[in-house]
Each structure stands twice: as structure tokens, then as C-alpha cells.
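Reviewing the structure listed below.
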Amino acid sequence: MRSLTKIYGLTTVSAALAVAPAASAQEATFSQTCQYFGGPPKPEPLGDREGHSLSSVDVSCSVTSGPLAGGVGTGAVVSEFDGPNGVLLMGGGVIRKPGATLVYELTEQKIALIITGGKVTGSTINGRGKNLLGTGGAASLTGKTFSFTIKPAQMGQYIIETTYD
């Protein structure tokens, strides 16, 4: 169960800040390192059927590449799970850097837990989103859509790789 809790945390948290964008049209990709507030989230069984649960997390990210490198993001993600498969219910956040602010929403996220020998050993996470508002150095990103993938990093952290459409 401890492994499952860690993976739930990775999957729901990571998605939240998948959007810290590259602030120029020339940079179509960027990455960030993220973690969750208050430790890994615990899946909350909904009680209506076996394996049906909810995960709600708050996240913090550091933009590690692109024009907003050095920026900081905060966000929230709520995901629904049916056994090892999860989907986004809602998510979004804000990226801030001196001279630039970006507000985004996640529009889709799919999570597939990898189970080996009855234990969760990894996950596959990807999704899509849209920038709702950009100001200053991020103004040109308003309205842009993106896709993202999430990869585990060191304990309690993950890397989000984002590509603009």
C-alpha cells in the first residue's frame, strides 16, 4: 500500500504543474521539477465500489528550462481512480517569475499504474492543458495548448516535460 500511495502522489501531483511554459515561440518544450505539499497524498476510497478512489493534492514546481527557468509554480489536482487507472477531474495553477505570470488549466490526464507481483512499481502519466492568461514575458502564451508527460525523479519529486502544440 505504501508504494501505491507514492504512485498516487506522483500521478496526481505531477499533473498540476505540467504547464510552466517556455515564454518564446521558438521554445516548444520545457521541463520542471515538482513535489507535493505535506507529503504524498493518500487515495481516499469512495466506498461505492471496490478500487474506486479520489486523490487531491497541492503541488509546487521549479521551472528548470526555457525562458521562465527559475520561475515557481503552485497548483492543485484532483484525480479519480478505478483500480490502477486514473483520470483528471480538475487541475490548474499559476507560474510566477519576475516580469511574467502564467495561469493554466489541465484539460486531460490519464494515469496507468504499473503493477508487478501485486505491487505498484511505476506509472505512465500524460495529459493536455491550456494556458488561460499570460502577462509580461508570458503574454504570448495566452491561449496556447500543450501536452505533458511525467517521469519520477528522486524520492518525492518528479519531472514534467511539456510540449506546446
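The values are calculated or read from the model by the stated rules, or taken from the named source; none is laboratory data. Keep in mind the model is a prediction, meaning the values are calculated, not measured. Cβ atoms come from the backbone with ideal geometry, glycine included; neighbour counts cover every protein chain shown.
Tell me which strands (runs of 3 or more DSSP E) are completely within region 84-165 and hold 1 or more residues being in contact with a helix residue (DSSP H, G or I) (Cβ under 6 Å, 6 or more places away or on another chain), buried (at least 17 other Cβ atoms within 10 Å of the Cβ) and at pLDDT 95 or above, or say none if there are none.
So the answer is 85-97, 100-116, 119-136.
Among the numbered criteria (1) among the charged types (D, E, K, R); (2) more than 16 Å from Ser31 (Cβ to Cβ); (3) in contact with a Gly (Cβ under 8 Å, 6 or more places away or on another chain), which one does Lys97 miss?
Every listed condition holds for Lys97 apart from (2).
Out of region 72-82, which residues are in contact with a His (Cβ under 8 Å, 6 or more places away or on another chain) and not hydrophobic (A, V, I, L, M, F, W, C)?
Listed by number, the residues that qualify are Glu80, Asp82.
For region 37-52, give me each residue that is modelled with pLDDT of 95 or more and either under 16 Å from the mean Cα position of the chain (by Cα) or not in a loop (DSSP other than H, G, I, E, B) (or both).
Residues satisfying the conditions are Pro45, His52.
Those residues that are touching a strand residue (DSSP E or B) at 6+ places or on another chain (Cβ under 6 Å) and of a type in the set (Ser, Thr, Tyr), I need them from region 96-117; list them, please.
Thr101, Tyr104, Thr107
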